[in-house]
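The values are calculated or read from the model by the stated rules, or taken from the named source; none is laboratory data. From a predicted model like this one, the values you see are computed outputs, not experimental measurements. A quick note on method: Cβ atoms are made from the backbone with ideal geometry, for glycine too, and the neighbour counts reach across all protein chains shown. Heavy atoms of the whole protein, side chains included, go into the accessibility calculation; ligands, DNA and RNA do not. Shrake-Rupley method; radii C 1.70, N 1.55, O 1.52, S 1.80 Å.
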Amino acid sequence: KKFSFISVILSVICVVFVAEAAAPAAAIGNQQFFWWIFLIITFLLPYGMVVAELGTTYDSDGGLYDWIREAFGDRWGSRVAWYYWINFPLWIASLATLFPDILGMVFGVEFELAPVLLIELAFVWIVVFMSFSKVSDSGWILNLSAVLKVLIAVSVGGLGIYYAVTNGFASDMSPATFMPDLTNTNALTYLSIILFNFMGFEVITTYVGSMENPNKQIPRAIIAGGIAIAALYLFSSFGIGAAIPAMDISLDSGIMDAVGIMAGVGSVLFIVVGIVFLITLFGNMVSWSFGVNFVAEHAARKKNMPKVFAHESKKNQMPTGAAIVNGVVASVLVLLSPVMELAGFDSFFWIFFSMNIVFLLISYIPMFPAFLKLRSVDPTVNRVFKVPGGHGVALVVAWVPVILLVL
């Protein structure tokens, strides 16, 4: 089986668009719209073009790990493989802790500790077992999840417009509130969420073996998918901001809180959106698992990660070793959460999710210098897609995203 062009675009949306990250972005307030637009121009566009050039020039399952290793050697390749991998079990654990909370909100149930842990562990291992299938055989999961994510974004955004028209905006909408407050360092911290919301284009490049024509499909899908994703984020974040004052937005369940305020907790729409949202969490994790596991396996085969990550299924050559390690690490984190609660910690979604974001953002920093290095040391290689402009443009496209990632 091979991915069609539409399937590749839907895969981009499934991987990159993260519905659960819309609430933390909306917590910035109206300033979020300035930062969305600013970062779309200064980060999303350069990042997408760099990935499109590298992904169509260097065809492999190793993604950004291979590009960085090719440019800077095994030491940097190993570092990036570790950072890129560890973000994923942290992310699984964060969504696992979120899952019973949303499930309880949807059905009006409060779970005891034992059922909560069972639900969280079930989430972890369902994701692990789903990632055993070949990418092309799992295309329906990615496509369905992408469509459902679009429906959630459109529903939340549409409800927000309706709510604002009929009840007024929940927050002050004066022009001054849309300008960034550079003195508010707490608000600036949330910008990492917006950058995180753009990540994932390189995951699609690890699917090259399942594409009909990757050299054409990758750059076109990144452009089309990137435009759609930017619009979806702006629309859904607007919906959340219209319903809930920025100061009151929950960083973990904000999207469901918004639907509850606008449609009523327990309403049919609230239940439907909640169930669809839970389904998309699986699709999100499965789509990322393919990219992360391939990178870990690839790095292990080059002896840049432990041998266990190199284990693959004899049946379909999928990286089952990495998938199982993901499940073990995520399960340990889930089981530690009650101990952390006794120690005075709470909001485990945010604890694990923020750690996941930090490691993921770190792993991208060397990718942009690698883009410049590979251009200089390998200028004659055929580049199907090339970032437009000369050397000056390439420097801007590479170093502006690095500065933003470091900040």
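With the condition kept exactly as written, say whether any residue in the range 167-181 is over 18 Å from the mean Cα position of the chain (by Cα) and within 28 Å of residue 329 (Cα to Cα).
no
Has the range 343-358 got at least one residue that is open to solvent by 40 Å² or more (accessible area, probe 1.4 Å) and acidic (Asp, Glu)?
yes
Of all residues in the range 140-149 being surrounded by fewer than 21 Cβ atoms within 10 Å (Cβ to Cβ) and in contact with a helix residue (DSSP H, G or I) (Cβ under 8 Å, 6 or more places away or on another chain), which is farthest from residue 61 (Cα to Cα)?
Selected residue: 148.
Scan the range 244-263 residue by residue and report those that are farther than 21 Å from residue 348 by Cβ and open to solvent by 20 Å² or more (accessible area, probe 1.4 Å).
245, 246, 247, 261, 262, 263 - these are the residues of the range 244-263 that are farther than 21 Å from residue 348 by Cβ and open to solvent by 20 Å² or more (accessible area, probe 1.4 Å).
Given the conditions (1) crowded, with 17+ Cβ neighbours inside 10 Å; (2) at pLDDT 95 or above; (3) of a type outside the set (Ser, Thr, Tyr); (4) not in a loop (DSSP other than H, G, I, E, B), which single one is not true for residue 328?
(1)
If a residue must be at pLDDT 80 or above and over 13 Å from residue 33 (Cβ atoms), how many such residues does the range 177-186 contain?
0
Please determine whether any residue of the range 334-355 is among the aromatic types (Phe, Trp, Tyr), touching a helix residue (DSSP H, G or I) at 6+ places or on another chain (Cβ under 7 Å), under 26 Å from residue 48 (Cβ atoms) and assigned to a helix (DSSP H, G or I).
Yes, the conditions are met somewhere in the range 334-355.
Would you check if there is a residue in the range 96-110 being touching a residue at least 12 places away in the same chain (Cβ under 8 Å), over 19 Å from residue 280 (Cα atoms) and of a type outside the set (Lys, Arg)?
Within the range 96-110, one or more residues are touching a residue at least 12 places away in the same chain (Cβ under 8 Å), over 19 Å from residue 280 (Cα atoms) and of a type outside the set (Lys, Arg).
Is one or more of the residues making up the range 26-48 of a type outside the set (Ser, Thr, Tyr), modelled with pLDDT under 85 and part of a helix (DSSP H, G or I)?
yes
Among the candidates 168, 200, 266, 226, which residue alone is surrounded by 15 or more Cβ atoms within 10 Å (Cβ to Cβ) and on the phi > 0 side of the Ramachandran plot?
200
Which condition from (1) aromatic (Phe, Trp, Tyr); (2) out of contact with any Phe, Trp or Tyr (no Cβ under 7 Å at 6 or more places or on another chain); (3) closer than 18 Å to residue 18 by Cβ; (4) open to solvent by 30 Å² or more (accessible area, probe 1.4 Å) is the one that residue 364 breaks?
Evaluating residue 364 over (1) aromatic (Phe, Trp, Tyr); (2) out of contact with any Phe, Trp or Tyr (no Cβ under 7 Å at 6 or more places or on another chain); (3) closer than 18 Å to residue 18 by Cβ; (4) open to solvent by 30 Å² or more (accessible area, probe 1.4 Å) leaves (4) as the failure.
Can you tell me which condition residue 310 does not meet? The list is (1) more than 22 Å from the chain's Cα centre (by Cα); (2) closer than 18 Å to residue 77 by Cβ; (3) in contact (Cβ under 8 Å) with a residue 24 or more places away in the chain, and all the others hold.
So residue 310 meets the others, but not (3).
Can you spot a residue in the range 56-68 that is in contact with a Leu (Cβ under 7 Å, 6 or more places away or on another chain), modelled with pLDDT of 85 or more, over 30 Å from residue 247 (Cβ atoms) and not aliphatic (A, V, I, L, M)?
Within the range 56-68, one or more residues are in contact with a Leu (Cβ under 7 Å, 6 or more places away or on another chain), modelled with pLDDT of 85 or more, over 30 Å from residue 247 (Cβ atoms) and not aliphatic (A, V, I, L, M).
Just the residues that are closer than 25 Å to residue 254 by Cβ, in a helix (DSSP H, G or I), open to solvent by 40 Å² or more (accessible area, probe 1.4 Å) and touching a Pro at 6+ places or on another chain (Cβ under 8 Å), please, taken from the range 76-135.
Matches in the range 76-135: 113, 115.
Anything in the range 310-324 that is surrounded by fewer than 21 Cβ atoms within 10 Å (Cβ to Cβ) and among the hydrophobic types (A, V, I, L, M, F, W, C)? List them, or say none.
Within the range 310-324, 310, 324 meet the criteria.
From the residues in the range 374-399 that are surrounded by fewer than 17 Cβ atoms within 10 Å (Cβ to Cβ) and assigned to a helix (DSSP H, G or I), which one is nearest to the chain's Cα centre (by Cα)?
The selected residue is 399.
Can you run down the residue pairs with Cβ atoms below 7 Å, 6 or more apart or on separate chains, where the first is in the range 338-360 and farther than 29 Å from residue 195 by Cα and the partner is of a type outside the set (Phe, Trp, Tyr) and surrounded by fewer than 17 Cβ atoms within 10 Å (Cβ to Cβ)?
Close Cβ pairs (under 7 Å, with a partner that is of a type outside the set (Phe, Trp, Tyr) and surrounded by fewer than 17 Cβ atoms within 10 Å (Cβ to Cβ)) amount to 338/113.
Residue 12 passes all but one of (1) under 26 Å from residue 218 (Cβ atoms); (2) open to solvent by 10 Å² or more (accessible area, probe 1.4 Å); which number fails?
Failing condition for residue 12: (2).
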